[in-house]
Every structure is written in C-alpha cells, then in structure tokens.
Amino acid sequence: MPCKQENNALLYAYGELDENATKTFLEHLKTCKECQNIVHLCALTTASLTPKQAPQFCMPAKPVENKNFKIGFLQKFRWAYPALVFGVFALILGFTAFEFATKKPMVSTIQTLDFNFDDVDTDLTDLETEITDLFQYMQEI
Amino acid sequence: MKEINEQEIIKAVKSGNYEAFGLLVDKYKESLYSFIFYSIKNEAAAQDIYQDTLVKALTQLKNYREEGNFKAWLFTVARNKVTDYFRANSKTVSLPEDTTADIFPSKENTEKEVFSKISLDNIHVKIEALPEKDKEIILLRQYLSFQEIAEVLNCPLGTALARLNRAIKKLQKTLGEEYAL
C-alpha cells in the first residue's frame with residue numbers, strides 16, 4: 001500500500017512544499033520509510049545530474065524566416081487534412097444520396113406528328129420541264 | 001521585477017532587437033544545455049541541438065504568448081528538438097559517452113569521495129537505462145518547477161507529480177536496496 005503523502009515527498013524534495021505543509025510533512029517523514037526513500041533518491045538524482053557548461057551560442061546574422069511559404073503553410077494546417085478528406089467524402093456521399101432520393105421515375109411519352117402533306121407547297125413544274133429537256137437531249141444524242 | 005525584465009527583453013527581441021536575445025540565452029543556457037545533454041548523451045549532437053533550439057526559439061519568438069512562461073516554452077522547443085533527434089536516429093544506436101572516465105581517483109581524493117562518485121555515477125547509469133518518458137520527467141524536474149513541467153508536457157500538475165513518482169519508483173527498483181535508507 002503506497003503512502004498517501006508521496007506527492008508531498010516529491011514537492012518537499014524539490015523545495016515546492018509550502019511552509020505549513022512542510023511542518024506537517026516533516027513529522028510524517030520521521031516515521032515513513034517510503035517517503036524517506038523518495039526524498040533520498042530525489043536528492044541523489046539531483047546530485048548525479050551535475051550541470052553542464054553550455055557552449056557559446058552563435059547568433060545567426062539575421063533570423064532565418066520560413067522562406068518556403070507553401071511548405072510552411074501546408075505544415076501549419078496539416079491537422080486539417082483528415083478533416084478535409086472526410087469532408088469531401090461526406091459531400092460526395094451526400095450528393096449521391098440526394099440524387100437517389102430526389103430522382104423521379106422515368107415516364108415514357110409518345111409524340112405524335114401533326115403533319116398534313118396537303119399543306120406542303122409542292123411546285124415541281126420547273127423540275128418536270130428540266131427532266132423532259134434532259135430526256136430529249138439524250139434521245140438526240 | 002525579474003519577470004518584467006524578461007518580458008521587456010522578449011518585447012525588444014520581437015520588435016527587432018535580436019541582440020537582446022543573448023540576455024535570455026544567458027539566463028537559461030546552463031539548464032537548457034544540461035537538459036539536452038542528459039537527454040541524448042552525445043556531446044556533439046547536444047551542442048547542435050542546443051544551437052538549433054535557440055535559433056528556433058529566436059525565429060519563433062513571434063508566436064510566443066507574452067502571458068506564458070518563457071522558460072517552459074523554451075524547454076518545450078528543446079524537448080521537440082530532442083524528440084526529432086531520436087526520431088531521426090531511431091535506427092542508429094549511439095553509445096553513451098564513457099561515464100566512468102572521471103571516476104578514477106586523483107591523489108587528493110579520499111576513498112569516501114571516490115565511492116560517493118561511483119555511487120552517483122551508478123545512479124546516473126540507472127537513470128539512463130530508464131524508459132524514455134521516465135528519464136525525461138526526472139531530467140525536466142532538475143531544471144523546471146512542477147508547474148512548468150505541466151506546461152511543457154501539456155498535462156495537469158497532478159499528472160506531472162504522478163509521472164515523477166512512478167519514475168522514482170522504477171529507479172528505486174533498479175537500484176535495489178543498496179540506495180534505500
């Protein structure tokens with residue numbers, strides 16, 4: 001069964017426990033082996049990770065801007081790609097469903113021609129004379 | 001007062017005074033570099049990542065919200081860079097630098113000091129051997145407060161505490177009874 005004061009042990013080990021809670025916790029710490037081990041181990045980890053001297057930072061002459069706007073833009077909104085694909089897919093699906101839902105059954109219609117040949121003006125007299133002339137010419141030959 | 005100064009420096013950098021960025025670097029350089037170094041255990045790569053982190057922080061400072069915690073933001077940039085490094089080098093295994101090189105005693109060292117150093121190095125090796133997430137939280141706690149860790153990891157404070165507690169427990173288990181009180 002872990003001790004309920006373990007979080008306080010961590011806060012105490014790193015100096016983040018407030019004054020009142022520290023007083024109470026120190027009383028608890030005297031008798032709790034688990035909390036003692038946590039505090040001890042936190043101190044050991046801090047001691048083992050000695051700070052390293054940082055190298056000189058070379059300041060760039062001018063801050064490098066993201067020149068490739070297109071790539072930068074695409075990367076910035078990469079979270080939207082799945083939503084976009086889903087949206088397009090839903091749109092196609094919705095449109096198809098709408099088409100099916102609203103499509104009316106096909107009705108066949110018979111169209112009748114209302115046409116009277118008597119009304120057509122067929123003046124073929126010129127054509128008759130031309131044909132007659134043509135026959136005469138052929139006979140002469 | 002300290003906070004106001006930091007925000008003033010950030011404003012100055014944002015308005016084009018890039019030289020002022022050096023003041024921010026001076027404030028956090030040691031903790032930032034130590035975090036990167038212990039995260040990847042490769043000095044050359046750590047130096048490159050440190051440089052890249054600061055250049056990125058400088059170029060991305062315009063995206064930094066002034067009401068936020070700059071240190072936590074800077075460590076978030078560093079953490080992302082470290083993650084990128086591990087992702088890029090996932091197929092190559094880099095051997096950690098020799099941690100036992102400096103434990104051999106000089107004449108002045110007493111036997112007690114040597115044993116103490118060996119013990120600390122042993123702890124260091126065991127931290128290295130922990131799963132990446134456990135190692136990360138232990139390292140972060142050396143340089144950031146719990147509130148800042150919660151910001152970097154984008155989780156509640158209680159979760160940060162629970163994660164560290166779990167990591168410490170695992171470390172305790174690997175170290176065995178030798179280090180228990």
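What are the semi-axes of the equivalent ellipsoid for segment A:6-48, taken as the square roots of 5 times the Cα gyration tensor eigenvalues, largest first, in whole Å? Walk me through the numbers before you get to the answer.
Details: eigenvalues 56, 31, 9 Å².
They are 17, 13, 7 Å, listed largest first.
Would you mind giving the three semi-axes, in whole Å and largest first, of the ellipsoid equivalent to segment B:1-77 according to its Cα gyration tensor?
On the way: eigenvalues 104, 31, 23 Å².
Each semi-axis is √(5λ); the values are 23, 12, 11 Å.
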### Task
Scan segment A:1-33 for trypsin sites (Lys or Arg not before Pro) in coil per DSSP, keeping those whose Cβ has at most 13 other Cβ atoms within 10 Å, and list them by number.
A:Lys4, A:Lys30
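Computed from the coordinates by the stated procedures, all read-outs in this text should not be read as laboratory data. Quick caveat: nothing in here was measured; it's all calculated off a predicted structure. So basically every Cβ, Gly included, is an ideal-geometry build from the backbone, and we count neighbours across all protein chains shown.
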